[in-house]
1. Yes or no: region 18-25 includes at least one residue that is in contact (Cβ under 8 Å) with a residue 40 or more places away in the chain and not in a helix (DSSP H, G or I).
2. For region 235-266, which positions are within 21 Å of E118 (Cβ to Cβ) and open to solvent by 60 Å² or more (accessible area, probe 1.4 Å)?
3. Taking region 277-299 only, how many residues are surrounded by fewer than 18 Cβ atoms within 10 Å (Cβ to Cβ) and outside any helix (DSSP H, G or I)?
4. Just checking, which of H93, H80 is open to solvent by less than 20 Å² (accessible area, probe 1.4 Å), modelled with pLDDT under 95 and in contact with a Phe, Trp or Tyr (Cβ under 6 Å, 6 or more places away or on another chain)?
5. Output the number of residues of region 208-222 satisfying the condition of being surrounded by fewer than 13 Cβ atoms within 10 Å (Cβ to Cβ), more than 12 Å from D256 (Cβ to Cβ) and in contact (Cβ under 8 Å) with a residue 24 or more places away in the chain.
6. Is there a residue being at pLDDT below 95 and in a helix (DSSP H, G or I) anywhere in region 109-121?
7. Hey, does region 139-148 have a residue that's hydroxyl-bearing (S, T, Y) and under 28 Å from R259 (Cβ atoms)?
8. How many residues are touching a His at 6+ places or on another chain (Cβ under 9 Å) and either within 20 Å of A64 (Cα to Cα) or surrounded by fewer than 24 Cβ atoms within 10 Å (Cβ to Cβ) (or both) if we restrict to region 15-27?
Amino acid sequence: MTDTTMRAIDLFSGFGGSSTGALMAGVEVVWAGNHWREAVGIHALNHPGAQHLCQDLQQADWSAVPAHDLLMASPCCQGHSKARGKKSGNPQHDASRSTAWAVVSALEFHRPAQAIVENVPEFLEWALYPAWSAAMNALGYQLAPHVVDCADLGVPQNRIRMFIICTKSKAPLFLNLPKHDHVAANTFIDLNAGSWSLVDKPGRAVATLDRIKNGRKQYGDLFLISYYGSTKNGRSLDRPIGTITTRDRWAIVDGDRMRMINVDEVMAAMTFPKDYHRPKASKLAVHMAGNAVPPVAMSEILNALKEAV
């Protein structure tokens with residue numbers, strides 16, 4: 001199969017990270033679906049050649065989806081993530097976990113040669129994962145979970161994610177993934193940009209000041225800090241940034257001034273192209289980008305898959 005003939009669909013397409021990575025790998029995205037209207041609109045701006053559906057995908061009519069060779073899917077991860085809590089009995093999280101069954105429904109109808117399911121590693125610990133896996137096997141797919149740090153794939157961000165490679169093969173297909181030199185945060189941080197404020201301004205949280213104090217001991221005058229989470233120290237700009245999330249998390253400290261990283265820097269950390277369309281509201285843009293698959297990571301996964309099949 002050549003690059004020009006491989007056609008893909010993108011379930012739970014969101015901001016379009018998987019679709020953009022597919023294009024980087026020479027794969028045509030012919031359809032994308034998501035329940036969030038704002039995300040579908042942004043995806044359509046960036047991928048005008050694809051058909052788009054805004055709907056709960058568990059209710060989708062798969063007969064209306066064009067033929068394809070590859071299914072990409074990023075079911076809702078919040079119900080699995082340790083950061084958001086995954087205790088059973090939470091209706092919102094139980095519902096989010098159930099979105100993975102839409103993947104089974106789509107594959108049952110179309111039976112493409114391959115599928116890639118992306119999620120957090122905790123997806124493999126889901127109580128219903130054995131049943132979900134058995135359903136995938138019943139459709140003829142062997143599953144090969146890959147838990148990777150996206151920094152190893154060339155993303156300037158330490159982001160641990162799981163990619164399940166689903167193939168119609170006799171045995172699970174484990175990919176020979178590259179392990180690139182890590183790209184440092186200082187490659188996209190612009191010290192001349194953004195809105196800075198004094199570190200010692202009135203009202204600064206004690207926990208923040210403690211992180212900055214510890215960061216100065218480690219790295220001198222220039223470093224990153226996390227505004228929330230269990231991190232108590234600074235982070236060097238000579239390594240990838242930590243995981244980008246759906247809300248502002250990372251701040252730059254430069255001497256006696258500091259600021260949150262801006263939307264351009266978030267987009268760069270996620271490896272979206274500079275000309276990628278995004279919402280005008282910064283908060284919404286950060287939310288969408290932080291929930292996306294880094295395009296470069298998906299591109300590397302796809303290139304390795306094409307070499308293996």
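1. Among the residues of region 18-25, at least one is in contact (Cβ under 8 Å) with a residue 40 or more places away in the chain and not in a helix (DSSP H, G or I), which makes the answer yes.
2. R247 - this is the single residue of region 235-266 that is within 21 Å of E118 (Cβ to Cβ) and open to solvent by 60 Å² or more (accessible area, probe 1.4 Å).
3. Within region 277-299, residues that are surrounded by fewer than 18 Cβ atoms within 10 Å (Cβ to Cβ) and outside any helix (DSSP H, G or I) number 3.
4. On inspection, the qualifying residue turns out to be H80.
5. Final tally of qualifying residues: 0.
6. No - not one qualifying residue is present in region 109-121.
7. No: zero hits.
8. 2
The values are calculated or read from the model by the stated rules, or taken from the named source; none is laboratory data. It should be emphasised that the depicted structure is a prediction, and the values quoted were computed from it without experimental measurement. Backbone-built Cβ (ideal geometry, glycine too); neighbour counts: all protein chains shown. Keep in mind that these areas ignore ligands, DNA and RNA; they rest on the heavy atoms of the full protein, side chains included. Shrake-Rupley method; radii C 1.70, N 1.55, O 1.52, S 1.80 Å.
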